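Chemist: Shown below is the structure under consideration.
The values are calculated or read from the model by the stated rules, or taken from the named source; none is laboratory data. Since this is a predicted model, take the numbers as computed values, not measurements. Note that we place each Cβ from the backbone using ideal geometry, even for glycine, and neighbour counts take in every protein chain shown. Each accessible area value is taken on the protein alone, full model and side chains, heavy atoms only, with ligands, DNA and RNA left out. Shrake-Rupley method; radii C 1.70, N 1.55, O 1.52, S 1.80 Å.
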Amino acid sequence: MDQDAMANPAKTASPEVVEAAGQELNNALVLSPGVTLTLGPESLLIPDQLVTKPSRSCLPSLGTKKGTPSSIPYYTILWAETSEDRSWLVVDYAHEDSPHHLVVRNLKFAVPAQTAEQTDDYMIKWVESLLKRAYGTAVRRKRAWVLVNPHAGPGGADKIWDKQVKPIFEAARIPMTIVRTTYSGEAVDLAQVLDIDNYDIAIPCSGDGLPHEVFNGLAKRPDARRALSKIAVCHIPCGSGNAMSCNLYGTHRPTLAALAIIKGIPTPLDLVSITQGEERFVSFLSQALGVIADLDLGTENLRWMGAARFTVGFLMLVLQKKTYPCDIAVKVEIEHKESVKRHYRERVTLGSADVEASNGSGQSRACDGTDADGCPTTSSSPSPSAAVDDGGPGLPPLKYGTVMDKLPEGWELVPYEKLGSFYCGNMAYMAPDANFFSAALANDGLMDLIITQGDVSPLKSVGLQMAVDTGEFFDSPLVTYRKISAYRLIPRNAGKGGYLSIDGEARPFEPFQAEIHQGLGLTLSKNGCFEAPGPLNWDKVTTSERLLA
C-alpha cells in the first residue's frame, strides 16, 4: 500500500475536539485545529489544507508523489481503522491511477494523545459510520476461496492476481485461501470437497471456464442446493471472453471487478441443467452450436490474441456460409420480441432509490425483480422452473427428464436444414461489447434463445455481427429471439465431428437437453442485477399495448 498523505497535528487537543467528544455522532471528526474529516453525501471530504496535487518533481521532498484528493467516493473506500493505541487513523481506498485500473492508497492521520483520550468512543463510532456508508448492504470481510488459473486466456493470471488484485482484497481485510490450479477440471474436484462453512465467496481468476468448474463442483455435492445457495461464485477476469465479469460488474478489467466483488450484493442466479448421454451437469452462461460455437472453440489456436480472436474467426467463417442441420424441440414461454420486451420491462425497476444509492452514479439500472436489494418483482410472467422441488439436498429433480428419455409431451422436434447458429444464454454479455442476450435477467427462471439461419449473404452476416455492437441485434429480422424454459437439440452429424460449446467449454458433438432452475445459484453483482442495458426501447410502451390497456 502506498502512503498517500500524512497529517501531523499539534499535540494538544482543541476546544472543538473536547466539545465534539461530548456530543452525539455527527458527520465531522475533528482531530486538531484545521484537521477535520467530514462524511459528505457521497464521499469522505478531506480538509483543503491537506489537499495536494501529484508532484512532478523527481525529488520526493518537494511534494507528495501521488497527491492527496479533496474527496474519496464511498464506493472506493476499502477500510478504515485506528491503531491499537489510537495514535493513528488510516483510511485505505482504491484510486484510479490510469484508465480502468485501480491501485491501493491510504490516508494516514496522527491522533494526539489528548485527542485520543477525549474522543475515543466518538472516533470509533465515526469510523463505523464511514464503513457503513462505504459498504451499504454489502457484507464486509467476506471469507474468500480464491482459485487462480495461470493458463487463463493469453496468460498472466498469476501476475494479475499477485500484482493488481490481491493488494485490493488485502486492503479490504478479506480473509483469503489461495489455490493455483494445475490441470483442467481441478476446480470441480476441489469444490466437491470444499468446507463451505469456512467461506462466503469463491473467486476464480480466469476466463469463464473456471467459474463453470466451480459451479459444477458445487452441483456434484450431496448437499448441492445448500452449497450453491451459500457460496457466492464471483469472477476476476483474466481470460479472453470474461463474460461473467462483464454481466455482474460491467467491466472486464481485473481491478474494477475486484472492487465490485468487495462491495458486491448477493444475487440469486439461474442455473441450467444439461443432460448428455448419462451425464448431468450445470451451465451458468450459454450453450451454442453453429457459427458461435465454431468461433468459441475453433479459434483456440488464437488465444494469444485475446478477445480479437473472435473477430478474426468470424471473418473466416462468414465467407464459408456454413450451415449446421439439426432437429430442435423447445419449451417456449414467451414467443414474440415485443412480449419479451414487455416481460423485461415488468421485471425491472426504473429509478429505484435503493439502486441509485448503491450505484452512486445517479443512473438507474435494469434489475431482475426477485431479490430484496432494491429490485422488487412486478412481473406476472411465467417462471416454470420454480415448480419442481422435492425438498432434497441434491440438485432439483428434472421436470422434463433427460435427453435419453422419450420426448416430453407437447414437445415437437422441428427440423432446421440450414441453421446458422443455435445460441441459448443465461446472461446478457458473452464478451466485452457482445451483448447478444440483451433481455436476459439474472433470475427470472427463463433462458434466452437466439436462432439464425446460415444461408444468408456474407454482407448480411457482417451486418448482423455489427448489430451486436450497436445494440440492434435483438430487433434484427434475421434473428429469432424467445424466452424458453427447456429444449432438446439433436445435431444431424452427431459423432462425426463438430463444435458444441457449453459456457465456452467443448462438449461432445452429440444430442443434449437443457432445462433451467430459477435462482439455484448465488453470485455477487454490483447492483443486484446484470449491468447490460437491455433491448433498445425496452422501456417504451408500444401502440398495441396502449390499445389493449
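Chemist: If I model a spin label as a point 7 Å beyond the Cα along the Cα-Cβ vector, how far apart are those points for residue 197 and residue 121 in nm?
Modeler: If labels sit at residue 197 and residue 121, their model points lie 3.8 nm apart.
Chemist: Averaged per residue, what accessible area in Å² does the stretch 78-215 show with a 1.4 Å probe, protein chains only?
Modeler: 42
Chemist: Carbon and sulfur atoms: what percent of the 1.4 Å accessible area of the stretch 195-337 do they account for?
Modeler: C and S fraction of accessible area: 56 percent.
Chemist: Of all the accessible heavy-atom surface of the stretch 412-505, with the other protein chains kept in place and a 1.4 Å probe, what percent is carbon and sulfur?
Modeler: Carbon-and-sulfur percentage of accessible area, whole number: 53.
Chemist: In what order, largest first, do 296, 469 sit by accessible area if the probe radius is 1.4 Å?
Modeler: Sorted descending by solvent-accessible area, the residues read 469, 296.
Chemist: On to the next question. Which far-off residues, 5 or more places away or on another chain, put their amide H under 5 Å from the one on residue 530, with H placed in the peptide plane?
Modeler: 368, 442
Chemist: Of 404, 244, 305, which has the most accessible area and how do the rest follow, probe 1.4 Å?
Modeler: 404, 305, 244
Chemist: Next up: Roughly how many Å² is the accessible area per residue of the stretch 390-443, as a whole number, for a 1.4 Å probe?
Modeler: Each residue of the stretch 390-443 exposes 43 Å² on average to a 1.4 Å probe.
Chemist: May I ask for the net charge around residue 494, where only other residues with Cβ less than 11 Å from the Cβ of residue 494 are counted and Lys, Arg are +1 while Asp, Glu are -1?
Modeler: 0
Chemist: Rank these by accessible area, largest first, 1.4 Å probe: 505, 531, 338, 278.
Modeler: Heavy-atom accessible area, descending, gives 278, 338, 505, 531.
Chemist: Just how much of residue 472 is accessible, in Å², when a 1.4 Å probe is used and the result is rounded to the nearest 10?
Modeler: Residue 472 exposes around 100 Å² with every protein chain in place.
Chemist: Considering Cα pairs under 8 angstrom that are at least six residues apart, work out the relative contact order of the stretch 232-279 and quote it in whole percent.
Modeler: Relative contact order of the stretch 232-279: 28 percent.
Chemist: In whole Hz and in residue order, list the ³J(HN,Hα) couplings for the stretch 486-493 that follow from phi through the Karplus curve 6.51 cos²θ - 1.76 cosθ + 1.60, θ = phi - 60°; x for Gly and Pro.
Modeler: Residue by residue, the stretch 486-493 yields 6, 6, 10, 10, 10, x, 5, 9 Hz.
Chemist: Using the structure shown, list the pairs from 321/418; 263/483; 322/460; 418/496 with a Cα-Cα distance above 20 Å, or answer none.
Modeler: The pairs that break the limit, which is 20 Å between Cα atoms, are 263/483.
Chemist: So, by mean Cβ neighbours within 10 angstrom, what's the order for 455-468, 483-496, 316-329 with the highest one leading?
Modeler: Answer by packing, highest mean first, reads 483-496, 316-329, 455-468.
Chemist: Continuing with the same structure: Using a 1.4 Å probe, what is the accessible area per residue for the stretch 222-290, in Å²?
Modeler: 19
Chemist: Take every Cα pair under 8 Å in the stretch 130-213 that's 6+ residues apart, average their separations, divide by the length, and report that relative contact order as a whole percent.
Modeler: This gives 46 percent for the stretch 130-213.
Chemist: So, R0 is 30 Å and r is the distance between the beta-carbons of residue 320 and residue 506; what FRET efficiency does that work out to, to 0.05?
Modeler: 0.90
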